[in-house]
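The values are calculated or read from the model by the stated rules, or taken from the named source; none is laboratory data. Here the structure is a predicted model, which is why all the values come from computation and not from measurement. We place every Cβ from the backbone using ideal geometry, glycine too, and count neighbours over all the protein chains shown. SASA here: full protein model, heavy atoms, side chains in, ligands and nucleic acids out. Shrake-Rupley method; radii C 1.70, N 1.55, O 1.52, S 1.80 Å.
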Amino acid sequence: MSARAIDVKLPKPQGPYPPTEEMLSEPVSEALQEEQTVRLRKAWETPKGWRYPTAVNNTEVGIWYTMTALAFMLLAGCMALLIRLQLAVPENDLVSADLFNQLFTMHGSAMMFLFAVPMFEAVAILLLPGFLGARDMPFPRLSAFGYWCFAIGGVFVIGSIFFNVAPRAGWFMYPPLATEDEGPGSDIWLLGLSFIEVASIAAAVELIVGALKCRPPGMRINIMPLYAWYVMVVGGMILFAFPPLIAGDFLFELERSMDWPFFDPTRGGDPMLWQHLFWIFGHPEVYIVFLPSIAIAAMIVPTVAQRPIVGYSWIVLSAVGTGFLSFGLWVHHMFTTGLPSMSLGFFSAASEAVVIPTGIQLFAFVATLMVGRVKINLPMLWIAGALAIFTAGGLTGVMLAIAPFDFQAHDSYFVVAHLHYTLFGGMVFPVIAGVYYFMPFITKRLLDETLGRWAFWLIFCGFNITFLPMHLSGLLGMPRRIYAYPGGLGWDWLNLISTLGAFVIAAGFAIFVFDLVTHPWRKPLSPRNPWNGGTLEWTHDVPEENWGVRSIPYINSRYPIWDDPKLLDRLDSGRFYLPDAKEGYRETIITSVIDAKPLYIQRVTGPSWLSIWAAIFTGGCFILPTFHIYGPAAVCGALAGVFIIWWLWRDTSRPPEADSKDAGLGLTLPTYASGPDSVGWWAMWITMLGDATAFASVVFGFFFFWTANADFPPEGAADPVAALVGLAALGLTLGWAGTVGARMLNRRGRVGAARGLLGGGAVVTAAGMAALALSVIDLSPREHVYPAVMWALAVWILVHAGLGIVMQLYCLAASVAGKMTPRYDADIRNVELYWHFHVLSVLVACAVMGLAPMVL
């Protein structure tokens, strides 16, 4: 290795670690504490006045996120009340059939896409840094960008019902009903929710990286809070569940806007492909909703029992197992579609098997309560209600997992009852329990005990009054999604009872929302740790400070507040790591994935308008095509890219003023990292894993048509030009090689040659793109699904190759401007990782396009 190569190495952590008891016992003068507090407070100050929307603190963004998701849930609840009023009596004409279709479509879509999953991400953004003793999430602006995407997309989608143009083909959007629906409703659903899925994946990336890399020093992966484990499991599920839906949306919108017949059987398409892609997302989503709520229970139960959780390792393994098994259940939504008996048997067994890890988690909670000193409080009351309702929903789920029973109950109100018992018990009740439990952490005030009990009993009783009769109405033959029904079938009194119960639920939610919104003005500040919890979130400051923790602690137990009586005093006095902000920047410590050893000090981004503008223009790119306004949509997409590049250029991966910095307790840490040590590299890896899943779903479409359609490819169909496909593969592979070579040469100090490879890589990538486009230019994607799939694969690769060129040119500009150097090369390390994933996609796509036609 040359001397020059040695020069580019970044410094390593230096100094004593872990800290000794003597080091932690050294006093900090009050004068120094005051100076540090002033500097920290200034660095983490939340913008005021008209600049307040630029805030990126997890506390602010998390509250915005949760309240927006709650508002969407309340709107969806109002739609449910209209649905129940319409069904209260036979032959009712309160609403028209068309409006009823819009109402039940938007109710389901809003509850699943605008409330259930976003609420998990919102609560996790709000709470996770507290659980980990971190200052903030690793990418605060990404959290803010995700929130603004969610808010804009949610308002667009749910607002459509006020203009009588809401989607009306069901929240599952089955073709051909949805593809042939006139008006913009289906496009609003597809593009609006695709936009929101961007926010979901952005939040998932943020949360996974936060749980892996932002734990405090010493918090090994086997002692981190169960909540963080659930966040990682659910974040991973989002990365594998949402991309198939995004791929389905991609194909669906190509059919809607360009008449490419992916789901049209008259031209070789198959509506069943949409069902597979949708339910590969749809059934894991049930557990994406359920597991975070179990995570809340996992934090409340030990506090109520005043002892550590029983079976920590079993709970972790069960959560991972539940997430894994959830991807093998999607076909139980399709038992009545004519699948082979072997498939029915396999998926029926898998649907039964998922009960095992779920049951382990619930029994561990019960065991903890049995061996503890339980004092029932308001949060635990809601958890008990959740357990009762979810158990009932699980039992009906076992019934529906048996194919012969599902044949009878499918698309009846029995399924509606099962769905709501599962979601209310598995999500709504635990989330409300979490609101009562964590509110002293969030607003520093307790909610009202009396109002909380009134809300519980109204919602609990109203829920059972509403949905218990639906089991019977379903077994009596009442189909779901009908807007009117004749009298005399035995459904009349059941529907009337359900309608009355719905308004009891509404009364309970009215009390809950009133308490939630008004308690900051009615209630005094609460004690710091009112429940005597043992985890780090209860080290928060009262009154509130924006810095997360006064100093980042060293942690070596699962319940540090219970195990270390000196912890709070040492935190408050700044005795741990990063007790100061001398340079005036927001900073946190990044640690290793397994053992949480300190690696470097990360400077996190602060308030900015850039994330808002990027979200607005990204919204324009998705929303305008709904109304076939393509030119301005393309301009919005370009402007969104400009703002994102500006944000990355100005505030990320910039060479630091000093290579290392005193982190406290004698430990000196680097101020820069690249490659697997850095959070940016992990974010790119996780993002591309999701992207690869979406691409695999498009490829799955090709082989699905091949196995399901004897006329695929049709006799005499034109194929992509094999020679041009080969040239495209060569050009794009050379683009990858150029990026890899540029990274290696730059690291060795050969900056000029690295720049040449980056420029040359962009040129050969463009040539490969041209060859790929020419290889399919003579195919007619409107005539048959075979050329349409070939075009879809080409479009996917072309878009990603274009992004690859942008990244190559970004690194070239960064090198010329001095932002990227042989020593500070995080940008090109991240881009290289993107290209590793992309070249694999290129090779698979070109094999399908160039070689598969020869075999088939």
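General observations
- Meets criteria (modelled with pLDDT under 95, open to solvent by less than 40 Å² (accessible area, probe 1.4 Å) and within 26 Å of Leu840 (Cα to Cα)) for Pro656: no
The rows are residues; the columns are (1) in a loop (DSSP other than H, G, I, E, B); (2) touching a Lys or Arg at 6+ places or on another chain (Cβ under 8 Å); (3) open to solvent by 10 Å² or more (accessible area, probe 1.4 Å).
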site: Pro175; (1), (2), (3): yes, no, yes
site: Ser200; (1), (2), (3): no, no, no
site: Met219; (1), (2), (3): yes, no, no
site: Ala228; (1), (2), (3): no, yes, no
site: Gly235; (1), (2), (3): no, no, no
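- Qualifying positions in the range 391-414 - among the hydrophobic types (A, V, I, L, M, F, W, C) and open to solvent by less than 30 Å² (accessible area, probe 1.4 Å): Leu400, Ala401, Ala403, Ala409, Phe414
- Restricting Ala455, Ala417 to those that are under 25 Å from Phe514 (Cα atoms), open to solvent by less than 10 Å² (accessible area, probe 1.4 Å), of a type in the set (Gly, Ala, Ser) and in contact (Cβ under 8 Å) with a residue 40 or more places away in the chain reduces the list to Ala455.
- Just one of the listed residues (Asp719, Asp711) is over 31 Å from the mean Cα position of the chain (by Cα) and closer than 15 Å to Val848 by Cα, namely Asp719.
- Some residue of the range 517-525 being surrounded by fewer than 19 Cβ atoms within 10 Å (Cβ to Cβ), hydroxyl-bearing (Ser, Thr, Tyr) and assigned to a helix (DSSP H, G or I): yes
- Among (1) surrounded by 18 or more Cβ atoms within 10 Å (Cβ to Cβ); (2) at pLDDT 95 or above - the single one Pro713 does not satisfy: (2)
- Looking only at the range 177-192, and only at residues there that are out of contact with any helix residue (DSSP H, G or I) (no Cβ under 6 Å at 6 or more places or on another chain), of a type outside the set (D, E, K, R) and open to solvent by 30 Å² or more (accessible area, probe 1.4 Å), the one that is nearest to Phe262 (Cα to Cα): Leu177
- Top-ranked residue in the range 326-341 [being outside any helix (DSSP H, G or I) and crowded, with 17+ Cβ neighbours inside 10 Å; ranked as nearest to the chain's Cα centre (by Cα)]: Leu329
- Contact map, the range 681-702: first residue more than 17 Å from Gly236 (Cα to Cα), second residue outside any helix (DSSP H, G or I) and modelled with pLDDT of 95 or more, Cβ cut-off under 8 Å, separation 6 or more or different chains; pairs are Gly701/Phe262.
- In summary, Ala708 fulfils each of the numbered conditions (1) small (Gly, Ala, Ser); (2) under 30 Å from Phe240 (Cβ atoms); (3) surrounded by 17 or more Cβ atoms within 10 Å (Cβ to Cβ) with the single exception of condition (3).
- Flag if Trp646 is open to solvent by 40 Å² or more (accessible area, probe 1.4 Å), hydrophobic (A, V, I, L, M, F, W, C), closer than 19 Å to Lys213 by Cα and in contact (Cβ under 8 Å) with a residue 24 or more places away in the chain: no
- Taking the listed residues Gly533, Gly487, the one that is in contact with an Asp or Glu (Cβ under 9 Å, 6 or more places away or on another chain), not basic (Lys, Arg) and not in a helix (DSSP H, G or I) is Gly487, with no other qualifying.
- Within the range 839-848, one or more residues are modelled with pLDDT of 95 or more, within 31 Å of the chain's Cα centre (by Cα) and surrounded by fewer than 16 Cβ atoms within 10 Å (Cβ to Cβ).
Each row is one residue, and each column tells you yes or no for (1) more than 28 Å from Glu197 (Cβ to Cβ); (2) assigned to a helix (DSSP H, G or I); (3) in contact with a strand residue (DSSP E or B) (Cβ under 9 Å, 6 or more places away or on another chain).
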| residue | (1), (2), (3) |
| --- | --- |
| Met272 | no, yes, no |
| Pro284 | no, yes, no |
| Tyr287 | no, yes, no |
| Phe290 | no, yes, no |
| Ser293 | no, yes, no |
| Ile300 | yes, yes, no |
| Arg307 | yes, no, no |
| Leu317 | yes, yes, no |
| Phe324 | no, yes, no |
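- Entirely in the range 74-170, the helices (runs of 4 or more DSSP H) that have 1 or more residues that are open to solvent by 30 Å² or more (accessible area, probe 1.4 Å) and closer than 23 Å to Gly426 by Cα: 97-109
Residue by residue, here is whether (1) of a type in the set (Val, Ile, Thr); (2) touching an Asp or Glu at 6+ places or on another chain (Cβ under 9 Å); (3) farther than 20 Å from Arg747 by Cα holds:
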{"site": "Val776", "(1), (2), (3)": "yes, no, yes"}
{"site": "His800", "(1), (2), (3)": "no, yes, yes"}
{"site": "Ile805", "(1), (2), (3)": "yes, no, yes"}
{"site": "Ala813", "(1), (2), (3)": "no, no, no"}
{"site": "Pro822", "(1), (2), (3)": "no, yes, no"}
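- In the range 23-55, residue surrounded by the most Cβ atoms within 10 Å (Cβ to Cβ) [restricted to those that are among the charged types (D, E, K, R) and under 24 Å from Ser660 (Cβ atoms)]: Arg39
- Some residue of the range 538-549 being in contact (Cβ under 8 Å) with a residue 12 or more places away in the chain, hydroxyl-bearing (Ser, Thr, Tyr), surrounded by 16 or more Cβ atoms within 10 Å (Cβ to Cβ) and in a loop (DSSP other than H, G, I, E, B): no
- Looking across the range 738-754, the residues that are surrounded by 16 or more Cβ atoms within 10 Å (Cβ to Cβ), among the hydrophobic types (A, V, I, L, M, F, W, C) and either over 15 Å from Arg823 (Cα atoms) or in contact (Cβ under 8 Å) with a residue 40 or more places away in the chain (or both) come down to Val740, Ala742, Val751, Ala754.
- Elements of type helices (runs of 4 or more DSSP H) in the range 551-634, at least 2 residues being in contact (Cβ under 8 Å) with a residue 12 or more places away in the chain, open to solvent by less than 10 Å² (accessible area, probe 1.4 Å) and out of contact with any Pro (no Cβ under 6 Å at 6 or more places or on another chain): 610-623
- The set of residues from the range 669-679 being surrounded by fewer than 23 Cβ atoms within 10 Å (Cβ to Cβ) and either in contact with a Ser or Thr (Cβ under 7 Å, 6 or more places away or on another chain) or without any contact (Cβ under 8 Å) to a residue 40 or more places away in the chain (or both) comprises Pro670, Thr671, Pro676.
- Total residues in the range 444-482 satisfying the condition of being over 30 Å from Asn101 (Cα atoms) and touching a His at 6+ places or on another chain (Cβ under 7 Å): the figure is 3.
- Residue within the range 499-509 that is touching a Pro at 6+ places or on another chain (Cβ under 8 Å), closer than 23 Å to Thr443 by Cβ and not acidic (Asp, Glu) present: no
- For the range 428-483, a residue qualifies if it is part of a helix (DSSP H, G or I) and basic (Lys, Arg), and exactly one does: Arg453.
- Test: residue in the range 483-494 that is open to solvent by 30 Å² or more (accessible area, probe 1.4 Å), of a type in the set (D, E, K, R) and in contact (Cβ under 8 Å) with a residue 40 or more places away in the chain: yes
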